[in-house]
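Student: Pasting in a structure now, in structure tokens, and then I'll have a few things to ask.
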Amino acid sequence: MTVAAAFFYLFSIIMLASAFMVIAARNPVHSVLFLILVFVNAAGLFILAGAEFLAMILVVVYVGAVAVLFLFVVMMLDVDFAELKQGFLQYLPLGALIGIVVAIELIMVLGGWTAAPGIKATNAPQITALSNTEALGLVLYTRHVYFFQAAGLVLLTAMIGAIVLTLHHKPGVKRQDISQQNARTREEAVEVRKVPSRTGV
């Protein structure tokens, strides 16, 4: 067994075990930590496959942002999970039926998948002298630049919508008005009072 194969089996086993613990752990914080472990091991598999850019993106974006966000949301919301699990048995038959149907579909797809002999990837760009990151950047910012910009606009719209929906102004709270502050004169901002000697303010 080669070193690459040994690392492949190591990362795969840890990732599958961690993925199972994400749904099996009773504590939601432990589930998020196991999810971070899944992302790290998936990044290791990407590195073994030669996709180092995807591995770094997986660590930086998912571990550094998404998983930490999940962790803070779980810790800050203080959700009563015991109350949420009260109706678990009521929906168990329907959930089991859906799970069996999905499992059968996956088995049929994996069992019937075959590659045609002699097939060649003619549409893939033939880039050999560049690294993985440079090749992905060339394809993303030339051939798919409009889709990339459209995805950015969608994310920007979603961010603005989330801010607008969650922004609630509470009455009685003083807020900063920049234009009003810049329009103030010295007479409005400074009050000169003549205090008699030895009497204090």
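Student: Look at F72 and say whether it is open to solvent by 40 Å² or more (accessible area, probe 1.4 Å) and either modelled with pLDDT under 80 or assigned to a helix (DSSP H, G or I) (or both).
Tutor: Taking the combined requirement at face value, the residue satisfies it.
Student: Suppose we filter the range 172-201 for residues that are in a loop (DSSP other than H, G, I, E, B) and surrounded by fewer than 10 Cβ atoms within 10 Å (Cβ to Cβ); how many remain?
Tutor: Here the count works out to 20.
Student: Of the conditions (1) surrounded by 10 or more Cβ atoms within 10 Å (Cβ to Cβ); (2) over 30 Å from L140 (Cβ atoms), L156 fails just one. Which one is it?
Tutor: Here L156 meets the rest and fails (2).
Student: Something else about it: Identify, please: which residue in the range 1-39 is of a type in the set (V, I, T), at pLDDT below 90 and open to solvent by 30 Å² or more (accessible area, probe 1.4 Å) and is, among those, farthest from V61 (Cα to Cα)?
Tutor: Here the residue is T2.
Student: Only one residue in E105, E83 is open to solvent by 100 Å² or more (accessible area, probe 1.4 Å), acidic (D, E) and at pLDDT 80 or above, so which one is that?
Tutor: None of the other options fit; the residue is E105.
Student: Now a separate question. Kindly provide the set of residues from the range 40-61 that are open to solvent by less than 50 Å² (accessible area, probe 1.4 Å) and of a type in the set (F, W, Y), ordered by number.
Tutor: Result: no residue meets the conditions.
Student: Would the range 128-135 turn up any residue that is open to solvent by less than 60 Å² (accessible area, probe 1.4 Å), modelled with pLDDT of 85 or more and of a type outside the set (D, E)?
Tutor: Among the residues of the range 128-135, not one is open to solvent by less than 60 Å² (accessible area, probe 1.4 Å), modelled with pLDDT of 85 or more and of a type outside the set (D, E), which makes the answer no.
The values are calculated or read from the model by the stated rules, or taken from the named source; none is laboratory data. Fair warning: this is a prediction, and the values are worked out from it, not measured in the lab. A quick note on method: Cβ atoms are made from the backbone with ideal geometry, for glycine too, and the neighbour counts reach across all protein chains shown. With ligands, DNA and RNA removed, areas are computed over all heavy atoms of the protein, side chains included. Shrake-Rupley method; radii C 1.70, N 1.55, O 1.52, S 1.80 Å.
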